[in-house]
1. Once you keep just the Cα pairs under 8 angstrom separated by 6 or more residues, what percentage relative contact order results for the stretch 6-66?
2. Dipole of the chain, Cα-centred, from +1 at each Lys and Arg C-beta and -1 at each Asp and Glu C-beta, to the nearest 20 debye?
3. With unit charges on the beta carbon (Lys/Arg positive, Asp/Glu negative), name the residue among GLY78, ALA97, PRO49 whose Cα is farthest towards the positive pole of the charge dipole of the stretch 1-135.
4. At a Förster distance of 35 Å, what's the computed FRET efficiency of ALA23 paired with ASP195, Cβ-Cβ distance as r, to 0.05?
5. With each pseudo-label sitting 7 Å past Cα toward Cβ, what's the PHE331-ASP259 distance in nm, one decimal?
6. How many Å³ per residue does the convex hull of the Cα positions in the stretch 1-105 occupy?
7. So, in nm, how far is label ALA208 from label ALA91 when the simple model puts each one 7 Å beyond its Cα toward the Cβ?
8. Loop-only GluC sites (Glu not before Pro) in the stretch 156-221, please: DSSP not H, G, I, E or B, and at most 12 other Cβ atoms within 10 Å.
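Laboratory data are not the source of any read-out in this text; all were calculated from the coordinates shown. Computed from a prediction, not measured in an experiment: that's the story for all the values here. Backbone-built Cβ (ideal geometry, glycine too); neighbour counts: all protein chains shown.
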Amino acid sequence: MRPGPRNLITDVPGLRVGNAEDARLRSGVTVLTAARPFVAAVHVMGGAPGTRETDLLAPDRMVSEVDALFLSGGSAFGLDAGTGVMAGLRAAGRGFAVGPARVPIVPGAILFDLLNGGDKNWPALAETSPYPALGRRALEAAATDFRLGTAGAGFGAMTGNLKGGLGSASAVLPSGITVGALVAVNALGQATVGDGPQFWAAPFEEGAEFGGLGPAPGARQDAPLPLKRMGEATTIAIVATDARLTKAQAQRMAVAAHDGMARALVPSHTPLDGDLVFAAATGARDMADPLTDSFQIGHAAATCLGRAIARAVWLARPQPGDLQPCWATRFG
């Protein structure tokens, strides 16, 4: 198993990602889309999630494919980003066909960044919320290359001790199947071990993709105290593959990917986090051995997500008014 050429989720052929952010707001949106609809699923393990259109992703629901997925800051206000993504897709003629009408299918999730020092005092009228415009801008920016760290949905993210951010990673399996991860890290827990620079995800690092520091000696985690309040923390992610998966198989990939979150953020999946993972499958490649391939896809999804989380924190960059230091400022 090796990283793809970009070490991004867009190493899965056909996928594109776009970011949009507002520096004054200290928040942003990230959109994943493709030229054609794709199978999607979701699995939620955090105690305080914020989501849009996730019920339709269950394996027994009628809609089998989606047009895009979005990750957004803004807490519940950020769910409005989906409106902007839908508008852009509708203008492009995309959407689930119901007679002559088309309805773009755009599930999404949000993280809490309302207390990060940005100016959140936009007018109270719903139509003036900044998130629909950010969602549309992110969709229009979608490409195979995109920024990590202080970007998109991770622009204003924070963790238990350092600035969070947007991360991504990929892996190519021996079968040729590609798996990738995209994550906005805004966790209650830490991506680094104790007060040091080493990452919990160090055993899974490829090359020096987040510094090459190796594991912390004698790493352990004593019982932590929460550094954020209820609803203030959430890590939201997407894992993707070019394998042909059903919605049920995609959901199993999302379930497996949570292992990577638990390896890279300590603690994770707390009652105060809204941790969740979307899964996307483009179906471009058949599984030659469904048992072995699905097993390896789940493992790769977990490993990629753990690496992507560490990259998000490692690549965060300082901004005026930061309430937390970046990894690079503190340790670089």
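1. Details: 53 pairs, mean separation 15.1, N = 61.
Once normalised by length, the contact order is 25 percent.
2. Using Cβ point charges on Lys, Arg, Asp and Glu, the chain gives about 360 debye.
3. Farthest towards the positive end: ALA97.
4. Efficiency, rounded to the nearest 0.05: 0.75.
5. Here the answer is 2.4 nm between the modelled labels.
6. Per-residue hull volume (Cα only) is 148 Å³.
7. Reported label-point gap for ALA208 and ALA91 is 4.3 nm.
8. Numbers: sites: GLU205, GLU206, GLU209; in loops: GLU205, GLU206, GLU209.
Sparse-neighbourhood loop GluC sites (Glu not before Pro): none present.
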